[in-house]
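Here the structure comes first, spelled out in structure tokens, and everything after it is commentary.
The values are calculated or read from the model by the stated rules, or taken from the named source; none is laboratory data. Only a predicted model underlies this, so the values are computations on that prediction, with no experimental measurement involved. Ideal geometry is used to build each Cβ from the backbone, glycine not excepted, and the neighbour counts take in all protein chains shown.
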Amino acid sequence: MKRATRPFADIINEIAPKFSKSIFLVIFILIVAILGFDSFYQIEEQEQAVLSTFGVAKPITQPGLHFKIPVIQKIQKVDTTINGFSIGYNEKDNASREEESLMITRDYNFVNVDFYVEYRVSDPVKALYASQKPVLILKNIAQGYIRSVIGSNDIDEVLTTGKNQIQLAIKDAILKKLDEYDLGLQLINITIQDASPPTLEVMEAFKNVETAKQSKETAINNANKYRNAKLPEALAEIDKILQEAETTKAKRVNEANAQVARFNATYEEYLKNPQMTKERMFYETMEEVLPNLKVIIDGTGKTETILPLDSFTKEGE
């Protein structure tokens, strides 16, 4: 007896509705589960979130469990803890990056300076949407001001006494630029990790400069000691010279006044008898000019003749 067989198509048509219902039910359950899972999100203590609804961003700052509309709303979490990055070296192995650390100072010396920058997100919306890579922008700003400030200081200030002032100057400049750019980032601190000359030759030259500076200070101190020792003597000599000058001045003034008085007296006598005064002055002048000369004045004629008798008498002896 032959067994009756059913066509394969009939069998498929019979079980297809049942199979389709099962698949639809599974897919529906999966969709509901996915949407339900995507409707809630958790914000930790050190996090903030940005909720976007049709392109409109809203910050979510309260920690805890929050709800959002699936598909329509999107959430982006932002870490608000203090983060940082290095400039001039690799944080993992401390290997130097000379393309970042090698700089030139105001006195034309080369120096390697490593920095560490600490920052945090102050505005999550601006940090996500104000720029594409805000941390990279912050790093570029920091590198620019680092080179500018290092270039305005001498090498000894960078290596020794000027580190604090350099850090403060760089930090102030970066803060002003961040306010201008408004990236949603806050600079916490920037510190010099290490500063050293790039080569042994530069190190040796720096030591020589330090030695020269110490020699300079010693020479200045010795010069000040010598000045302090000699200055009182010089002041005393100045007082002596001034006193002598005052004495000489008084003497000359008195002599001048006496000469003026004699001239005035002579002039009064001259006005009384000019001829007699002339003769008297002539004789007095001759006595001063020729004090030891013996003369005979022959006044018989209209002219007077002066005969130097000494010259004749000496020849006759």
Exercise for the section: Mind telling me which of the residues G144, G88, G162 ends up being small (G, A, S) and touching a residue at least 12 places away in the same chain (Cβ under 8 Å)? Expected result: G88
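Which residues, taken from the range 96-126, are of a type in the set (D, E, K, R) and free of Cβ contacts under 8 Å to residues at least 24 places away in the same chain? Walk me through how you get there before you give the answer.
Here is the first cut: in the range 96-126, the residues of a type in the set (D, E, K, R) are 97-100, 106-107, 114, 118, 120, 123, 126.
Those that are of a type in the set (D, E, K, R) and free of Cβ contacts under 8 Å to residues at least 24 places away in the same chain: R97, E99.
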Exercise for the section: Output the number of the condition that D156 fails; it satisfies all remaining conditions of (1) acidic (D, E); (2) under 30 Å from V56 (Cα atoms); (3) touching a helix residue (DSSP H, G or I) at 6+ places or on another chain (Cβ under 9 Å). Expected result: (2)
Practice task
Would you confirm whether any residue within the range 146-166 is surrounded by 13 or more Cβ atoms within 10 Å (Cβ to Cβ) and over 30 Å from K207 (Cβ atoms)?
Solution key: no
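When the residues of the range 19-46 are narrowed to those that are exposed (fewer than 11 other Cβ atoms within 10 Å of the Cβ) and of a type in the set (A, V, I, L, M), which ends up modelled with the highest pLDDT?
Quick first cut of the range 19-46, residues exposed (fewer than 11 other Cβ atoms within 10 Å of the Cβ) only: 19-30, 32-33, 36-37, 45.
Restricting the remaining residues to those that are of a type in the set (A, V, I, L, M) gives 23, 25-27, 29-30, 32-33.
Values: I23: 67, L25: 60, V26: 58, I27: 64, I29: 62, L30: 59, V32: 51, A33: 52.
Across the range 19-46, the extreme among qualifying residues is I23.
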Exercise for the section: Among the residues of the range 205-221, write down those that are exposed (fewer than 11 other Cβ atoms within 10 Å of the Cβ) and of a type outside the set (D, E, K, R). Expected result: N208, T211, A212, Q214, S215, T218, A219, I220, N221
Fill in the blank from the handout: Over the range 81-96, the set of residues loosely packed, with under 15 Cβ neighbours inside 10 Å, in contact with a Lys or Arg (Cβ under 9 Å, 6 or more places away or on another chain) and either over 24 Å from A127 (Cα atoms) or polar (S, T, N, Q) (or both) is T81, N83, N90
Exercise for the section: May I ask you to verify whether A212 is at pLDDT 85 or above and either touching a Ser or Thr at 6+ places or on another chain (Cβ under 8 Å) or among the hydrophobic types (A, V, I, L, M, F, W, C) (or both)? Expected result: yes
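Does Y108 fit the bill of being surrounded by fewer than 15 Cβ atoms within 10 Å (Cβ to Cβ), under 26 Å from the mean Cα position of the chain (by Cα) and under 21 Å from E157 (Cβ atoms)? Give the steps one after another, and end with the answer.
Working: surrounded by fewer than 15 Cβ atoms within 10 Å (Cβ to Cβ): yes; under 26 Å from the mean Cα position of the chain (by Cα): yes; under 21 Å from E157 (Cβ atoms): yes.
Yes, satisfied.
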Handout entry: Members of the range 118-171 found to be hydroxyl-bearing (S, T, Y) and part of a helix (DSSP H, G or I), listed by number
Key = Y129, Y145, S148, T160, T161
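Just a yes or no: is a residue in the range 246-260 aliphatic (A, V, I, L, M), surrounded by 10 or more Cβ atoms within 10 Å (Cβ to Cβ), at pLDDT below 80 and assigned to a helix (DSSP H, G or I)? Show your work before the answer.
Quick first cut of the range 246-260, residues aliphatic (A, V, I, L, M) only: 250, 253, 256, 258, 260.
Imposing the further condition that a residue be surrounded by 10 or more Cβ atoms within 10 Å (Cβ to Cβ) reduces the set to 250, 253, 256, 258, 260.
In the following step, the residues that additionally are at pLDDT below 80 were identified as none.
There is no residue in the range 246-260 that is aliphatic (A, V, I, L, M), surrounded by 10 or more Cβ atoms within 10 Å (Cβ to Cβ), at pLDDT below 80 and assigned to a helix (DSSP H, G or I).
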Fill in the blank from the handout: Among residues of the range 172-191 being out of contact with any Pro (no Cβ under 8 Å at 6 or more places or on another chain) and buried (at least 19 other Cβ atoms within 10 Å of the Cβ), the residue nearest to N90 (Cα to Cα) is I190
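Hey, does the range 47-60 have a residue that's at pLDDT 60 or above and not in a strand (DSSP E or B)?
Taking the range 47-60 and keeping what is at pLDDT 60 or above, we get 47-60.
With the extra rule that they be not in a strand (DSSP E or B), the set shrinks to 54-55.
Yes, there is a match, as at least one residue in the range 47-60 is at pLDDT 60 or above and not in a strand (DSSP E or B).
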